[in-house]
Amino acid sequence: MGRKGNRCFKKNKSNIKSIENLKTNLHNTKIEKLLQICSEPISDLHLWDNYIDIMEILDQINSLENINSDVAERDEYIEEFINWMKKNGAKIDGVRIDYFPSYELGLRANIDLNEGEVILEIPRALIFNVYSAASELNNLKSDTILQNMPQIALAIALLIEKRKDFSIWKSYLNILPRKYNTILYMNKEEMFLLKGSPSFEKSLKHCRSIVRQYAYFYRLFQNDNGLVGSLLKNYFTYEQYRWAVSTVMTRQNLIPDKNGSEMVYSLIPMWDMCNHQEGRITTDFDLESNHCKCYAMKKFRKDDQIFIYYGSRSNLEFFLYSGFIYFENKNDNFPIRLGLSKSDALYTKKATLLSKMGIPVNGEYILHPGSNPLSDLLIKYLKIFCMDQNEIDHYLSDESLSGLTDIEFISEKKIDKRILDFLITRLKLLAMKYVIKTENTQKIEADTRPCKTVAVQLRMSEEKIIQRLILDLQNLNDASIYH
């Protein structure tokens, strides 16, 4: 009986092993397919179809990967994190971590703080980067992607430390968000809400790039017999990678190295809990004391939320890289893609003139709301774009361009009304192409999916800025400023 039972046990183990091998082989096959469809050349017109194919394979891969979601909430680790910070020399007594509606966790003032007063002092030893963490990455220092993309190296460093049983960074890793509102967390329906927006193609390309990196690193770690492979081979999943990349995208900063000669992508614990508000940058790194110091950008009363200014970014940039929209954004703008049509009878001549002036035939230009929405470069491009036969022939002559400065070329007024009319029409057409309209977004905004909410907020922000730009251009037209 004993021997028979033992044979059954061995048979069961053999069956389990066979199933695991089949699962591994299937996983590897899916990874190779994913790497292929993320790497093949593709036109912008087919980005959406490519994205759908990518998501279909990712869904299959996710079902094969062991995704462990049994992790305590961030707020359960606050006390441990604060003790770790203080034990390692951080000066953080003036603030505390707290929950804020619409923001989740942030920093709250423990005392009244005057403008310019130091809020946080974080020593270099507590700043997470490839020099202070994940020394195992040195074994992969010849890898081209890790060499040339320091943000990706920082994301891999996060996963290495997260995998260790006894990482000195555990207290920091435990306080980080479990998931994000970045485009990497959007499903197909949420991504489709962006159709018609300048963010649509950018989001599709970004997701495609991150998925390609995931497939590349999965294969790399499977074949690596060194320290990194031993840590990540059976742990590296798309879920983990998108978390690490989103952590870096939303929290990264640059600090000088010990010699002050090179800027290093880094994560700054506690400081990265601050949420954004319009203002000015009040954080720097003091090489003398070897601390990152954050100063109050305005007066904060006791129990106020502490905000910092993330820098001059548009809402599109906030959306793509931070996963939120700031409606009071004074730096917001609207990118518009313009290009000559090859069906234009004057295409060759216009392309020649653009080339002579060092302007690409196709490109993206930024419109800034206000009294001066057009850059000089955009005016030059549109002036050539709108030219008729006589005008283009005139400017193609060597004599007419010889000695003509950019300012003189721009200031000639014959074409300028057509520029304004063209842009107004183009913006009105762009507004009509949106999949959703603001009047239909209130119900959607109340949706429980944060990614859906932020996608709708972006659309609302963009439609608002388009309407403002149309009004600004019409005002210029009516005032005959450019005539």
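Divide by every residue of the chain the summed helix terms, -39500 (n - 2.57) for each DSSP H run of at least 4, and state the resulting mean residue ellipticity at 222 nm, rounded to the nearest 500 deg cm²/dmol.
Working: 19 runs with 238 residues, N = 483.
Here the helix-only value at 222 nm equals -15500 deg cm²/dmol.
Across the range 25-81, how large is the tail of the calculated P(r) beyond 15 Å, expressed as a percent of all Cα pairs? Intermediate results must be reported in sequence, preceding the final value.
Numbers: 984 of 1596 pairs.
Of all Cα-Cα distances in the range 25-81, 62 percent exceed 15 Å.
With a probe of 1.4 Å, find how much accessible area the range 246-404 has per residue, and write the answer as a whole number in Å².
Values: 7400 Å² over 159 residues.
Accessible surface, normalised per residue, equals 47 Å².
Of K179/K452; K86/K179; K141/K233; K356/K428; K23/K162; K162/K202, which ones are farther than 20 Å apart at the Cα?
Working: K179/K452 14 Å; K86/K179 26 Å; K141/K233 18 Å; K356/K428 31 Å; K23/K162 25 Å; K162/K202 30 Å.
From K179/K452; K86/K179; K141/K233; K356/K428; K23/K162; K162/K202, over 20 Å: K86/K179; K356/K428; K23/K162; K162/K202.
How compact and how long is the chain, expressed as Rg and Dmax of its alpha-carbon atoms in Å?
Rg, Dmax (Cα atoms, Å): 27.1, 105.
Could you work out the local net charge near E121, counting Lys and Arg as +1, Asp and Glu as -1, over the other residues with Cβ closer than 14 Å to its Cβ? Don't skip to the answer; put the middle values down first.
Numbers: positive: K86, K91, R124, K293; negative: D93, E117, D284, D286, E288.
Residues close to E121 contribute a combined charge of -1.
Once both axes come from the Cα atoms, what is the angle between helix 450-478 and the longest principal axis of the chain, in degrees from 0 to 90, rounded to 10?
Here the helix axis deviates by roughly 10 degrees.
Using each residue's phi in the range 334-341, evaluate 6.51 cos²θ - 1.76 cosθ + 1.60 at θ = phi - 60° and report the 3J(HN,Hα) Karplus result to the nearest Hz, with x for Gly and Pro.
With the stated coefficients, the range 334-341 comes to 9, x, 10, 9, 10, x, 6, 8 Hz.
Taking only protein heavy atoms and a 1.4 Å probe, what accessible area per residue, in Å², does the range 48-127 have with all protein chains in place? Mind showing how you got there, number by number?
Details: 4470 Å² over 80 residues.
For the range 48-127, the per-residue accessible area is 56 Å².
Any idea of the accessible area per residue across the range 173-240, 1.4 Å probe, to the nearest Å²?
Values: 2520 Å² over 68 residues.
Value for the range 173-240: 37 Å² per residue.
Compute the normalised compactness of the range 122-222: alpha-carbon radius of gyration over 2.2 N^0.38 Å, N being the residue count.
1.28
Roughly how many percent of the accessible protein surface of the chain is carbon and sulfur, given a 1.4 Å probe and a whole-percent answer?
On the way: 12390 of 25010 Å².
That fraction is 50 percent.
Give me a comma-separated list of calculated 3J(HN,Hα) values for the range 242-249, in order, Karplus coefficients 6.51, -1.76, 1.60 applied at θ = phi - 60°, integers in Hz, x for any Gly or Pro.
Going residue by residue, I get 5, 5, 5, 5, 5, 4, 5, 4 Hz, with x marking Gly and Pro.
For the range 32-183, what does the alpha-carbon gyration tensor say about shape, rounded, prolate or oblate, given a ≥ b ≥ c as the root eigenvalues, a/c under 1.5 as rounded, and a/b over b/c as prolate? Kindly include the intermediate steps, with their values, before the conclusion.
Values: a/c = 2.10, a/b = 1.74, b/c = 1.21.
Since a/c reaches 1.5 and a/b is larger than b/c, the shape of the range 32-183 is classed as prolate.
Could you state the angle between the C-alpha long axis of helix 198-222 and the longest principal axis of the C-alpha atoms of the chain, as a value from 0 to 90 degrees rounded to the nearest 10?
Taking Cα atoms only, the helix is inclined about 30 degrees.
The values are calculated or read from the model by the stated rules, or taken from the named source; none is laboratory data. What you see is a predicted model, and the numbers here were worked out from it, not measured in a lab. Cβ sites come from the backbone with ideal geometry, for glycine too, and all protein chains shown count toward neighbours. The area values use the complete protein model at the heavy-atom level, side chains included, leaving out ligands, DNA and RNA. Shrake-Rupley method; radii C 1.70, N 1.55, O 1.52, S 1.80 Å.
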